[in-house]
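A.B. asks: The structure under discussion is supplied below as structure tokens; questions concerning it will follow.
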Amino acid sequence: MTKNSVVPKIIDLPKILDPRGNLSFIESENQIPFAIKRTYWIYDVPGGEIRGSHAFKKGQGFIIALSGSFEVVLNDGHEEKSFFLNRSYYGLYIPEMYWRTIKNFSTNSLALVLASTSYDEEDYIRDFSQFKKEIENV
Ligand code: TYD
């Protein structure tokens, strides 16, 4: 994963340990490298289902397993890398132009996604061969 100058990475979040229960937080452009424009979450995923399978031309994202666990597989057009998320105090930063697939959701898992853009179908690339073509021109 070396072609893009900005690469995906796991970011550890602040963790305020407290006997009453722990607390973590994210501030726009502070813990994560973009301003948060949108928040959505994926839940009630039936066993064996796969989400994602697309790339964003401009949108950056940050995914946290608020509950349970799942696997995020990223493809930069050349190679694939897998990230296992299972804690609410770290997440995966995904720059633009990475093909993402989210799979192996555990029962009752909850995936929180912070996005740098508003929802815009025009920003999606949903065809992998189209993605491969476009990544060559980045
Ligand atoms: P999609 O991003 O394809 O889901 P995932 O990547 O999690 O598998 O979104 C599924 C549908 O949900 C899409 O066709 C439109 C709708 N949607 C919105 O209306 N707003 C949003 O912010 C998102 C993420 C999806």
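No value in this document is a laboratory result; all are computed from the given coordinates. A quick note: this is a predicted structure, and the numbers were derived from the prediction, not measured. Neighbour counts are summed over all protein chains in view; Cβ atoms, including those assigned to glycine, are modelled from backbone coordinates with ideal geometry.
A.B. asks: From F62, F83, grab the single residue that is hydrophobic (A, V, I, L, M, F, W, C), within 14 Å of the ligand (Cβ to nearest atom) and either surrounded by 13 or more Cβ atoms within 10 Å (Cβ to Cβ) or under 24 Å from W99 (Cβ atoms) (or both).
C.D. replies: Testing whether each residue is hydrophobic (A, V, I, L, M, F, W, C), within 14 Å of the ligand (Cβ to nearest atom) and either surrounded by 13 or more Cβ atoms within 10 Å (Cβ to Cβ) or under 24 Å from W99 (Cβ atoms) (or both) leaves just F62.
A.B. asks: Given (1) buried (at least 18 other Cβ atoms within 10 Å of the Cβ); (2) within 16 Å of the ligand (Cβ to nearest atom), identify the lone condition not met by I50.
C.D. replies: Among (1) buried (at least 18 other Cβ atoms within 10 Å of the Cβ); (2) within 16 Å of the ligand (Cβ to nearest atom), the lone unmet condition for I50 is (1).
A.B. asks: If you don't mind, there's one more thing I want to ask. Considering only residues that are hydroxyl-bearing (S, T, Y) and under 20 Å from I32 (Cα atoms), look in region 102-126 and name the one that is nearest to the ligand (Cβ to nearest atom).
C.D. replies: First, the residues of region 102-126 that are hydroxyl-bearing (S, T, Y): 106-107, 109, 116-119, 124.
Checking which are under 20 Å from I32 (Cα atoms) leaves us with 116-119.
On the way: S116: 12, T117: 9, S118: 8, Y119: 4 Å.
Of everything passing the filter in region 102-126, Y119 is nearest to the ligand (Cβ to nearest atom).
A.B. asks: Just for region 86-101: of the residues that are assigned to a strand (DSSP E or B) and within 16 Å of the ligand (Cβ to nearest atom), which one is surrounded by the fewest Cβ atoms within 10 Å (Cβ to Cβ)?
C.D. replies: Here the answer is T101.
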